[in-house]
1. Residues of region 65-92 being open to solvent by 50 Å² or more (accessible area, probe 1.4 Å) and within 28 Å of residue 298 (Cβ to Cβ), which ones?
2. Given region 155-266, what strands (runs of 3 or more DSSP E) lie entirely inside it while holding 2 or more residues that are β-branched (Val, Ile, Thr)?
3. Based on this model, can you work out whether residue 6 counts as at pLDDT 90 or above, open to solvent by less than 20 Å² (accessible area, probe 1.4 Å) and among the small types (Gly, Ala, Ser)?
4. What are the pairs with Cβ atoms under 8 angstrom where one residue, in region 142-165, is without any contact (Cβ under 8 Å) to a residue 40 or more places away in the chain and the other, located anywhere, is open to solvent by 20 Å² or more (accessible area, probe 1.4 Å) and of a type in the set (Phe, Trp, Tyr)? Sequence gap at least six, or different chains.
5. Would you tally the residues in region 9-20 being under 16 Å from residue 65 (Cβ atoms) and open to solvent by 60 Å² or more (accessible area, probe 1.4 Å)?
6. Across region 195-220, what is the number of residues that are within 30 Å of residue 86 (Cα to Cα) and in contact with a helix residue (DSSP H, G or I) (Cβ under 7 Å, 6 or more places away or on another chain)?
7. Tally up the residues in region 253-298 that are touching a Ser or Thr at 6+ places or on another chain (Cβ under 7 Å) and not β-branched (Val, Ile, Thr), please.
8. Could you please give the count of residues in region 231-248 that are closer than 18 Å to residue 298 by Cα, open to solvent by 10 Å² or more (accessible area, probe 1.4 Å) and touching a Phe, Trp or Tyr at 6+ places or on another chain (Cβ under 9 Å)?
Amino acid sequence: MAEKLSVLVLKGSGMNKDELVPSKVTTDWDITILEVGTDLDAVRAKAVEVDAIVGGGIPGGIPDVTPGGARLRLYQAPFTGYDWITPADLPKGAVFCNTHEHETTIAEHLLAGMLEFQTGLMRDTHPLMRANSYSGRSINRGPHHRELRGATVGIIGYGMIGREVARRCKAFDMRVMAVSRTRRDEPGLVDWYGTMDQLDSLLAESDFIICCAPGGGATRGMINARSFSLMKRGAVIANVGRGEVIDEAALYNALSSRRIRGGIIDVWYVYPSAEDPNPWPSRFPFQKLDNVIMSPHNSAWTAEMSDRRWTFVAGNLDRLARGEPLRNICFEGER
């Protein structure tokens, strides 16, 4: 009989509902759930003994608890970003996998913001009617609002989020443009698809620009002052990738000067820390602008998304136990 595999779940290291793992797996695992904030010594002791670790980073670093002789075969993040870990952190023989399952929720968030910029329902029409009733507006009187139908959306970084955005935009009869490092065929979803060297064309033609690009040296500051100069004055930019992809000063200047119409910003430049648990999200006062919809990097945060992520994590553990190919492999350990 094969030896039971063991997994260490790092509670409090990036996701909630960590306790779902035992109920989600269908194979036989020895499961230990430890809190990284209060059980750090136990985490360090256990990490060298297990076949899999589920969670984010470990305070003090990952290499110390996954030495070359460790049993580790899988380090599974229950979320997407992995700029906190490298192949050198894991021993040879171990693989690192991430988890998506947030793309539909983020796409819904973006469509809600886009609709609000076109209709002004919640920030204009509804408050005005509550205060002043019809106030000179009705079916054939008052200022016109806009439609999504016929507008062009440009998606930068066409991956899983971009595809879900495209699906929803097509339901609104929008024209969809996309750029990514490698051009893919997306019949029925993308009307114009280019590579990153064609980004200028997307910026110039889009009414809504959706930035889904990951962070890192290759994309840092990719959208800058020159980029904003190419955009339509009526353009709205959204960022659900990483804040650093859009130059901070250039974004603020474009919005505050109304060089573009507005922004839907979910990812930022300053985040809470132990020293400052509630900072403003930028060195610029975005919160004072009336043409930006702000959210605290929570566009994906639904109970259903959390459940889907743990279902995926458990599925990868089951695949490991059955000797089946793992999904979402990002890299292999090199140490």
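1. 82, 83, 84, 86 - these are the residues of region 65-92 that are open to solvent by 50 Å² or more (accessible area, probe 1.4 Å) and within 28 Å of residue 298 (Cβ to Cβ).
2. Once the strands (runs of 3 or more DSSP E) in region 155-266 are filtered for at least 2 residues that are β-branched (Val, Ile, Thr), what remains is 175-180, 208-211, 236-239, 262-265.
3. Yes: the conditions hold for residue 6.
4. 146/117; 148/172; 149/172
5. Going through region 9-20 one residue at a time, the tally reaches 1.
6. Selection size over region 195-220: 7.
7. Step one: filter region 253-298 for residues touching a Ser or Thr at 6+ places or on another chain (Cβ under 7 Å), giving 266, 268-270, 289.
Keeping just the survivors that are not β-branched (Val, Ile, Thr) gives 266, 268-269, 289.
Final tally of qualifying residues: 4.
8. Count: 1.
The values are calculated or read from the model by the stated rules, or taken from the named source; none is laboratory data. Because the structure is a prediction, the values reported are computed rather than measured. Every residue, glycine among them, receives a Cβ derived from its backbone with ideal geometry; neighbour counts consider all protein chains shown. These accessible areas exclude ligands, DNA and RNA; they are computed on the full protein's heavy atoms, side chains included. Shrake-Rupley method; radii C 1.70, N 1.55, O 1.52, S 1.80 Å.
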